Every structure is written in C-alpha cells, then in structure tokens.
Amino acid sequence: MVVSALSFLAGLMLVQQFPILPDVKWLIVGGVLVGIIAWLRYWRCLFFVVGVLWAIVFAMHRLSDRLPEQLEGVEVQVTGTIADLPEQDEKRVRFDFITRDGVYDANLPGAGAAIARDGVYAASQSGQQLPAKLRLSWYYPDQPIKAGQQWVFTVKLKRVHGTMNPGGFDYERWLFTEGVGATGYVRPSPKPVLLGRDSAWGSISVWRQSITDQLSSALGNSASLALIKALTIGDGNSVTQEQWEVFRKTGTTHLVVISGSHIGLIAGLVYFLILKLWARTGWLARSPQKVAAVSAVLVAIFYSGLAGFSVPTQRSVVMLSIAMAAIILQRNSRPFNTLSIALFAVLIVDPLAVLSAGFWLSFLAVSVIVYTVSGRLGKLGPVWGAIKINGVTSVGLSPLLLLFFQQVSLIAPLANLIAVPVISLLVVPLSLLAVIIMFILPTLASKLFFLVDTVLQGLWWLLAHLAEIPMASINHALPSYWALLFAVPGILLLLAPVGIPARWLSLVLFLPLVFTDVKQPEAGDINMTLLDVGQGLSAVVQTTHHLLVYDTGAKFSEQSDMGQSVLLPFLRSQGVAKINSLIISHGDNDHIGGAVSLMRGMDTEQVLTSVPQQLSEYAPIECVAGQSWLWDEVKFTVLAPRQSFVSENDNSCVLKIQSKHGAVLLTGDIEAAAESWLVETYGEALKADVLVAPHHGSKTSSTAGFLQAVQPGYVLIPAGYRNQFGHPHKDVLARYRQADALWLNSADSGAIVVNVKNNVLAVRGMRQTESKYWNIK
C-alpha cells in the first residue's frame, strides 16, 4: 500500500515539472498503456502511470477555465457572489468572486468592437466563456463589502499573472491551485449594483462574516483580534508583518494558520471526551469508540467550515476521516497503511495539492511522528512524550523548512513546547466555544474572548522576547535536491528505534544540507538580477564578497510590500546574510516602498539615497554625483544627481557598474532633462553593455541621444504586466530597435539575470527558462 501510494504521488509530481502539458492524443496512448500494465499486473508501475494521467486530465480541466486572451483589458459586466471574507487595506478591498453570468458590452467605454452584435452578449453566446472564479479588487469602495453578497459589477480583467523570482512566492501557481481564472478590478462606472444575499452561499460565508463582525465588536482594537480571527475562522489578513516575523523566528507560524494540527487536536479532544463521557451512558456504552469517531469527524467538518473550507482544512478532514473510518469499521490496520489511504484520497480529490508546502509539511509531520512513536515513545509518559514528539517533528521537518522558506528557527522546540499547549488546550477550544455561544449568550462569549485575549497577550510577550534572542533563527541558501536526498536517510537513521547501529552516520548525511555550496562571482565578475517586482524597480548586484541592492519596489499596504514578498525571499535563497549597500534612487513608492521591510529583515551596512529625509531613521548618506568605490575589482560610480531638477524623477541616483569584462548602467526614473545633462557631462563615459531602462520605458525617457551615448547591447525594462501607464511605450521600443539593442521586459521575462564574466555577457529571463505549464508564456 505504501509503495503504491508513493508511486501515485511520483506520477503526479512528474507532471508538475512539465513546462507545457502534452497533447490530448497522449492521453489515449496513456490509457492503452494502463491496460497493458494492468494485464501484466505491474501494480506499482500502474499507479505511477495512473498518477501521471490523472494529473494531466485535472490540469487540462483547470486550465480550460481561464480568461480568453481576447477579453484582457476590456470591460465586462458580471453577476455573481462574493465567495469569502474580503481582504481590506487602506486603499482597496480584495475578494474572490464566483460568477453566475458574464456579459460583454461593446458600448462600455474601452470595450472596443471585438465582439459586436446588438451591443450586448452573454460571454457563453459569443464563445468567450468567463472563468467561474475571479480575484477582484475594488479601490475606495463607497459601500461595505461582505461575504455572501450578490453584485453586478463592471470589471476589467486580465489573465492570471504574477511576479516570478528565484526563491519567491509563485502567485500564479497559488491562483491556479485555488481555481482562480482571472484577476481584475471593479470599475466605478457604471455604478456597481448590490442585489442582496445569495442564499446558496449564506450558510457558510455569511455566517463567517457575521462572526468576523461580532469579533471586531467584542475585541475592538485589541492586538489579539487578528490572531483570534486567524485561529477561529482562518482569516489571517489582519496579522501584521511584525507578527508574522515573530512567528517565523520562533517557528510557530503553523499555530496561527488553521491546518491539520488544529483540526486534529480539536477532533482528538472531542474524541477522547466523548469516549470517556459517552461510555458512561446507557445503551450507547456498547460502541463508544464509534460514537466518538463520528463526533470527531463532525467537529472537524465544523471547524473546517469556520475556516471557509480552505484547501488545507479540506485535506485535514479527509485525512482525519480515513483514520476515523478505520475505527468505525473496526479495522486494525497499520498506521502507514492508513496514512497511505489518506494520501490516495487527498490526491484523488485534489492532485494539485502536491504544489502546496502545507501538503508536504502535514504528511511529513504525521509520518515522522508515526515512525518515531513506533520506536521509542511508547514507554514515555504524556509530558515527556509530548516533548519528544515536539523535538523529533522539528528535526524531521527541518529539510523541508529550508527548501520552502530558507529559514529554520533554532528556538522552535522551546517556543513550541510552550505555545502548542497554550494554543491547543486553551486558546482554540475557548475561542471555538465562544464562537458557538456568541449569538445566544453574548455576555458569556465576550468574557471568554477577554480571557483568550489575556492569554494571547501573555503568550505574545514571551514569543516576542524569544524572537529577539541572537541567532533565534538562521537563514540558509536554497538547498539542492541532492542535499535533500542525503538528508532523508539521515533523518530516518537519526530518528530510528533504539538499537539501530551507526546512528552517528546521520550527521554525515546532513552535512550537504548544512553546508550548501553557493557559487560566488569571481573577482571582476558582475552578477545582477533585475527582480520582477511588477510596476517598480529592484535590482541586486553581487560581486565576489559584496552585495548591493538598487531600489526595493512598491509598498501596497501595511501588510504587503515588495521588500517583504520578493527581496527578502530572494536574498535568503541565495544565502545572503548582509547587504553592504542599499541605494534608493528617489522617493517614488515603486522604488522606495519595500526599503523599511528590507532593512528590518536583513542587516544593511550603508544606505545611499537622493531623498535622505524619507529614511532619516536609518542614517542614510545623500546620493551625489562623484561618489565611487571599488569592490572585488568592480568599480561603482554615482553619475547623478549633481544639480537639482524640477522633476523628482530627474533627481534619481544614477549608478554605473564597471569591470574589465563589461558595464551596467542603472538609471532610476530619469527623463529627457537628466538624460541630456548626463550626455553633456559624461559623453562616451556613459557607454554600458546593459542599460536598465530609464523610467520603466516611458515615452519621456530613453531619448535617441542618450541611447547613442550609452550604446547598450541589452535594455532591461522593469515594468508590470498590462500596467496602467502603458510602459514600455511603443515609441521607446522603436528607439531601442534603432539603437540595435535587444530588450527584455520583466513583465514577460520574470526576473532577469545578467552575468558579466570573461568579456562575455549572458542575459536570461526566468519565465523563459523555468516556467511551468500554469505560467503565462
């Protein structure tokens, strides 16, 4: 059973590595192959092939529910329901929208005449089917947005697209696994129309919305409100960046995300409570285990419903149901066989689960516990048993934590030893009890919430102090798959039952994971990565022993900025522990927005900027023409600003990076005036092999005279996909062609990696080399 389940899993995983899906005709070939293998009774091979076919069929179905390219950027009228709790920040509300009907109106502004017959058409009638699920933003809404509301919106949509960076969060993959077929925003005109509540969604989403409103009313501005929402209804949108950072450093992030551990613990508490109490009653005493198992499953379903039946909680319910079914059917199966059945069930329901870190962490955690308990924990008491399980789980999950997050908390065993019982035995049960009674006994519910709030504040104080301990967590370069292959037998040997010889070899097998080899540039080489930060700019320049960050992308809200979501993950994946110099070209949000998060998350030796007043807390040095320094046989020279221009864009820090092998020019948002001044001042000294396009390729930049002076071989354009400014402008692209320069746009290429070495220039885009079948090509 175990080998069959792993074979099925391997087949599913193989498909997720495909850059494109095979043609439908190969499914017919696969079907014939299944028949032959079944006839030969090669069962393990059969499960592998079936896994491959099931993954392909499921992926094809999911990809078919995407926005047609013809409807990108046009105005579409849609009717549907807000599916879940909206995410609110200072500027917008974002929510998932389940479409009931989509209408293309050729008379709407900006609609054009792509589909015109009598003006208005249902999307299905015109052959342009809208996806079933949209991810929409509504900027500065004039009405309250609630889950379960039914609306008529006029929206502008675009295909699912996200930033693509090494070590970064794959937003496209996440939307794909969530079944989102398009993203977009609500147009203020025509005015959105609220139709009322959708009864089909009222039983879950409206209920969750009511709980959210009641929690906000009961707890007011309490710092614990966000945590209680996260633990009761799975709404983590209000958890701040500072709170997430503390949880990451202490290894307790899993405690504030409703997952298998929460559902398993609550179900377990109910199971043992029913087992003890129900057995004392009359006729039901004959089968207390069955009653307890059914009750545990029902409670798990209830808790999953509170969390909106999110994908991780659905997985947990499936796993728990399989385990409880063994009890109900009185099957005394081996733990790993039960786990294998649960694995089959989860992957049949959702083969895309293999793309989720939560899937791997959940199953590995259970596997490690089962493997360890069978060997050494059976004779221990509950206290020492809990301590042991906590320790071995931390060790067992460490390779995956390095793979997924490039960060491991050294104090996680201690922090979890305290936090797990507090959250599991006090906070979650009391919070759920308060939620259940809040509509019938509001006074008692408020007192329970006050008690939970007090407990959480005490726990938060402790975790915050633990996070401040030096070396509380370590960042590590992204490990290779070879290192992980060595670490797996190392874990098995380390956690093996007593009596297994040569356990010390486990430390040797761990060495490739600990000492990951990060290849550094040689003296005189320049490695630059123009990160994909949407409509903004951020570049990382590496020499042999130094690292420079030029701009940090935008800030969108208190919970979201490019420093936190792109820069820090990239730097950690590269094994970077310190930034030698941070240059902020100027004060526009799309260049400075992520700076504070970046400096809070990583040591930064020096800050250079043309707007020191905006970063005064970090003692910046003003960026002025003439500044220069030499790192590892690579010269860095600030060319501008020297004089003050009227436009802040023209006052950007301009940096030239020169070595014996070539040169790179970073220009910020300079426009024609600053370009003209640079040409007059430096002339041929501006020449560079790679030019990062001034002002994202705007029409007012990249003048012919400037390009003639720079003579770039490549122009790299940092721009967002289908951005509202129309960058890069078509006239600018024509000027690049006239200058015989090849250009790459981060919106199309993802992160762009430049290597200047041995007088050879190598430029490649991540989207062209590493994209998968769900990514837009």
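The values are calculated or read from the model by the stated rules, or taken from the named source; none is laboratory data. Worth saying up front: this structure is predicted, and the values here are computed from it rather than measured. FYI the Cβ positions are ideal-geometry reconstructions off the backbone, even for glycines, and counts take in every protein chain you see.
Could you tell me how many of the residues in region 325-338 are in a helix (DSSP H, G or I) and without any contact (Cβ under 8 Å) to a residue 40 or more places away in the chain?
Result for region 325-338: 6.
Conditions tested, residue by residue: (1) among the hydroxyl-bearing types (Ser, Thr, Tyr); (2) touching a residue at least 24 places away in the same chain (Cβ under 8 Å); (3) closer than 23 Å to Ile717 by Cβ; (4) in contact with a strand residue (DSSP E or B) (Cβ under 7 Å, 6 or more places away or on another chain).
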{"position": "Lys555", "(1), (2), (3), (4)": "no, yes, yes, yes"}
{"position": "Ser565", "(1), (2), (3), (4)": "yes, yes, yes, no"}
{"position": "Ser573", "(1), (2), (3), (4)": "yes, yes, no, no"}
{"position": "Val576", "(1), (2), (3), (4)": "no, yes, no, yes"}
{"position": "Ile584", "(1), (2), (3), (4)": "no, yes, yes, yes"}
{"position": "Leu615", "(1), (2), (3), (4)": "no, yes, no, yes"}
{"position": "Val638", "(1), (2), (3), (4)": "no, yes, yes, yes"}
{"position": "Pro641", "(1), (2), (3), (4)": "no, yes, yes, no"}
{"position": "Ser644", "(1), (2), (3), (4)": "yes, no, no, no"}
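For Arg62, the criteria (1) part of a helix (DSSP H, G or I); (2) farther than 28 Å from Leu136 by Cα hold in every case but one, which is (2).
Among the residues of region 171-181, are any of a type in the set (Val, Ile, Thr) and at pLDDT 95 or above? Within region 171-181, one or more residues are of a type in the set (Val, Ile, Thr) and at pLDDT 95 or above. In region 480-504, the residues that are surrounded by 13 or more Cβ atoms within 10 Å (Cβ to Cβ) form Cβ pairs under 8 Å with partners that are in a loop (DSSP other than H, G, I, E, B) and of a type in the set (Gly, Ala, Ser), at six or more places apart or across chains, as follows: Leu493/Ala502; Arg503/Ala496. Those helices (runs of 4 or more DSSP H) of region 152-245 in which at least 2 residues are among the hydroxyl-bearing types (Ser, Thr, Tyr), considering only elements entirely within it, cover 171-177, 207-219. Of the listed requirements (1) part of a helix (DSSP H, G or I); (2) within 28 Å of the chain's Cα centre (by Cα), Gln17 misses just one: (1). Taking residues in region 682-693 that are more than 18 Å from Tyr550 (Cα to Cα), and partners anywhere that are polar (S, T, N, Q), the pairs with Cβ atoms closer than 6 Å and at least 6 places apart or on different chains are Lys687/Gln711. The residue of region 557-587 that is surrounded by the fewest Cβ atoms within 10 Å (Cβ to Cβ), among those that are in contact with a helix residue (DSSP H, G or I) (Cβ under 7 Å, 6 or more places away or on another chain), in a loop (DSSP other than H, G, I, E, B) and at pLDDT 95 or above, is Gly587. Here Phe439 fulfils each of the conditions (1) free of Cβ contacts under 8 Å to residues at least 40 places away in the same chain; (2) not in a helix (DSSP H, G or I) apart from (1).
Residues that are small (Gly, Ala, Ser) and in a helix (DSSP H, G or I) were ranked within region 296-319; the one that is nearest to Pro351 (Cα to Cα) is Ser316. Of the residues making up region 454-479, those that are surrounded by 19 or more Cβ atoms within 10 Å (Cβ to Cβ) and assigned to a helix (DSSP H, G or I) are Leu456, Leu459, Leu463, Leu466, Ala467.
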